[in-house]
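Read-outs: derived from the displayed coordinates by stated rules, not from any lab. Not measured: the values here are computed from a predicted model. FYI the Cβ positions are ideal-geometry reconstructions off the backbone, even for glycines, and counts take in every protein chain you see.
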Amino acid sequence: MTPQTITADAAGTWKLGDLPVHRIGFGAMRLTGSAAFHLGRPSDRERSIAVLRKAVELGVNHIDTAAFYFSSLRSANELLNSALAPYDDLVIVTKVGPHRDHSGEWGTPARPDQLRGHVEENLRQLGRDHLDVVNLRRMRSWDSIAEHFGALAELRDAGMIRHLGISGVEPRHLAEAQAIAPVVCVQNQYGLHAPDPDADELLRLCGERGIAFVPFYAVAGSGGPRGPARDEGDEVGAVARAYGATPAQVRLAWTLRQGPHVLAIPGTGDPDHLEENVAAGALRLTDEDISRLDALRRRV
């Protein structure tokens, strides 16, 4: 494949509410360091800013971030503000729920009455008067999300948030949220490496209801939050070689084939990897390829 000639529109488009986005987006988390936030070496600041601007040049218009994406040296929201404000034609999606103090330590998950402060923090860092989409990231200690989602719905009604989504949920939480306010996206871990009946059901439900399904760690393989790991077996590598592609591109292409409502938000601080990720939107796997990869997923 020749990523230099491919832009994000090759992947097609979907809408987050009334906001059209290309199905290949960008996740800003890795710009701050590793996926563990405070571990690993963050990308050079100027390089990170260049990567963000390059993503937009390549047609990426959906960027995922959060105020708690920071390391000792980098803040994802600050980088976005410096590189891309005033965000013309961009859809910036953030999330609230988890909390980290200034030292980077995880604190107690937010109470419903604290979510306004989390939203205001994102507004300040991004330099915006409203947020395009805010995902409520469910914490494991929450059996129900109704009270937290209801608090965000009030902020939506107040004009601070345009659209709402949910993250890290089970199918029952989608029903809870939709009974309170419209849901434009569901963000859960999903990929070849992560068979999960709940995620499969959410994928189906979102497709039926016109909701975007946004997997995270879709490229990471068995490494999950630790980052890319060696592919399970030879299937991914064999498919990649047949197309002159990379295993990561095959994983992204498989993800996008799961439905027209599926979006991808791969993150990187490497401009070459960025171009490869965007180019994956043009990789058209055959039904035979999909069957081969589906069989791998069932064995994981």
Among 244, 255, 282, which residue has its Cα furthest toward the positive end of the charge dipole of the range 235-291, with +1 on Lys/Arg Cβ and -1 on Asp/Glu Cβ? 255
Once each part is reduced to its C-alpha centroid, what is the distance from the range 56-83 to the range 200-217 in angstrom? 24 Å
Put in order of increasing Cβ neighbours within 10 Å, starting from the fewest, 111, 156 give 111, 156
Percent of Cα pairs exceeding the 34 Å cut-off, where the set is the chain: 15 percent
Rg and Dmax [Cα atoms of the range 66-127; Å; Rg one decimal, Dmax integer]: 12.1, 35
Given H placed on each backbone N at 1.01 Å, which residues far from residue 261 in sequence or on other chains put an amide H within less than 5 Å of it? none
Return an integer: the convex hull volume of the alpha-carbon atoms of the range 144-300, in Å³ per residue. 126 Å³
Amide H within-cut-off set for residue 75, under 5 Å, with H built and near neighbours excluded: none
Helix 115-126 versus the longest principal axis of the chain: what is the Cα-based angle in degrees, 0 to 90, to the nearest 10? 60 degrees
